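S.K.: Attaching a single structure in C-alpha cells format; questions to follow.
Just so it is clear, none of the values below were taken in a lab; they were calculated from the coordinates. Every value quoted in this text rests on a predicted model; they were computed, and no experiment measured them. A quick note on method: Cβ atoms are made from the backbone with ideal geometry, for glycine too, and the neighbour counts reach across all protein chains shown.
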Amino acid sequence: MSVWPTDCFTGAEVLVVGATSGIGAAIAAGFRAAGANVTVTGATPAEVEAASAAMEGVRVLQLDVRDKSAVDALVGGFARLDHLVNCAGIIRRGDELAPDVFADVVDINLTGSMRTAAAARPLLAASGGTITNTASMLTYFGGALVPAYSASKGGIGQLTKSLALAYAADGIRVNAIAPGWIATPLTKALREDPVRNEAIMGRTALKRWGEPSDLAGAVLFLASPMAAYITGTILPVDGGYLCA
C-alpha cells in the first residue's frame, strides 16, 4: 500500500484508557479527527467532568484500572471495539522506594494495561483490531527516584511483546509507543529543574520537549493498515534521545 488509507478509521470504535489530558487526550483527538468514534477514560470524577467539557465529540467515562470488575464492565459495554490504546499511568517521583507506593504505581501502569487488554481481547479478535500500549524512555534504563515507574514501563515492553505472541492467532496486533521527554504535567518538575532540563535537551537531537500531539501520528500509524505486518514493536517517539 503506497498511500495512507485516509478512511481507515472512519466509524472505527476506539477506546483510549487514561486520556483526559496529556498524551492520551492528544491520541484521542487524532483518532477523532480521522473519523473514529472515540471513548476515553479518566480515573476521577473531576477528570471526567473537565474532559467532558473540553473534548468535543468524545465520550468520557470514569475508570479505575485497578478495579477488574470495573474494567470488565466498561469494556463489556461495547458492542464492537477496533482499537485499544493504554495510556493510564502515574509517577510518584521520590516516593516510589516505599513498597506500598511501588505496588500502586505498578498496579496502575502495568497490571492495569493487562486488565484492559484481557477484557478487550474477545472484541478485538472479532474485529481484527489492535492494542497500543504506552512505554517510556524508562523502558530502556532505570531511574533512581522512580523505580516503580521504571519497572512498570520495562514491564510494558515485555508485556507488549508477549501479548503480540499470545494474541496473534486472534488477528490482534499489539505494539507500543515509547514517548521521549514530552511536555505534560508528569514532566513539569523536570522541565522546571534547570539542571535536569539542560541534561535532557543536551541529549535530545531535535533540541525541544515533545508535545503530546507528536505521539498521535505514531499511534494512528501502528493501528492502521499501513502497519499490517508490524506487531510486538516498541516505537520510540523521542526526538532522537536514544540516538546519543
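S.K.: Could you give each residue of the range 126-133 its phi-based ³J(HN,Hα) in whole Hz, using Karplus coefficients 6.51, -1.76, 1.60 with θ = phi - 60°, and x for Gly or Pro?
M.R.: Each residue's phi maps through the Karplus curve to give 5, 9, x, x, 9, 10, 10, 9 Hz.
S.K.: Something else about it: Counting only helical runs of four or more DSSP H residues, what would the 222 nm mean residue ellipticity of the chain come to if each run contributes -39,500 (n - 2.57) and the total is spread over all its residues?
M.R.: Computed ellipticity for the chain at 222 nm equals -12500 deg cm²/dmol.
S.K.: Starting from the Cα of residue 68, draw a straight line to each of the lysines and keep only those under 23 Å, dropping any in the same chain fewer than 8 residues away.
M.R.: Output for residue 68: 153, 161.
S.K.: As I understand it, the dipole of the range 66-186 uses +1 on the Cβ of Lys and Arg and -1 on the Cβ of Asp and Glu, about the Cα centre. Which of 89, 151, 176 lies farthest toward its positive end?
M.R.: Of the options given, the answer is 176.
S.K.: How large is the charge dipole for the range 116-209, taken about the Cα centre, if only the Cβ atoms of Lys, Arg (+1) and Asp, Glu (-1) carry charge, to the nearest 20 debye?
M.R.: Value, rounded to 20: 160 debye.
S.K.: Now, a different point. Normalized C-alpha radius of gyration of the range 27-101, against 2.2 N^0.38 Å?
M.R.: Expressed relative to 2.2 N^0.38 Å, the Cα Rg reads 1.28.
S.K.: In degrees between 0 and 90, to the nearest 10, how far off the longest principal axis of the chain does helix 22-33 point, with axes built from Cα atoms?
M.R.: 30 degrees
S.K.: Calculate one ³J(HN,Hα) per residue across the range 62-77 by plugging θ = phi - 60° into the Karplus curve 6.51 cos²θ - 1.76 cosθ + 1.60, and present them in order as whole Hz with x for glycine and proline.
M.R.: 8, 7, 9, 5, 7, 9, 4, 4, 5, 4, 4, 5, 5, 5, x, x
S.K.: Let me know the charge dipole size of the range 52-165 about its Cα centre in debye, to the nearest 20, where only the beta-carbon of Lys, Arg (+1) and Asp, Glu (-1) is charged.
M.R.: Its charge dipole is roughly 320 debye.
S.K.: Okay, moving on. Which shape class applies to the range 114-200: rounded if a/c is under 1.5, otherwise prolate when a/b exceeds b/c and oblate if not, where a ≥ b ≥ c are the square roots of the Cα gyration tensor eigenvalues?
M.R.: Here the range 114-200 falls in the prolate category.
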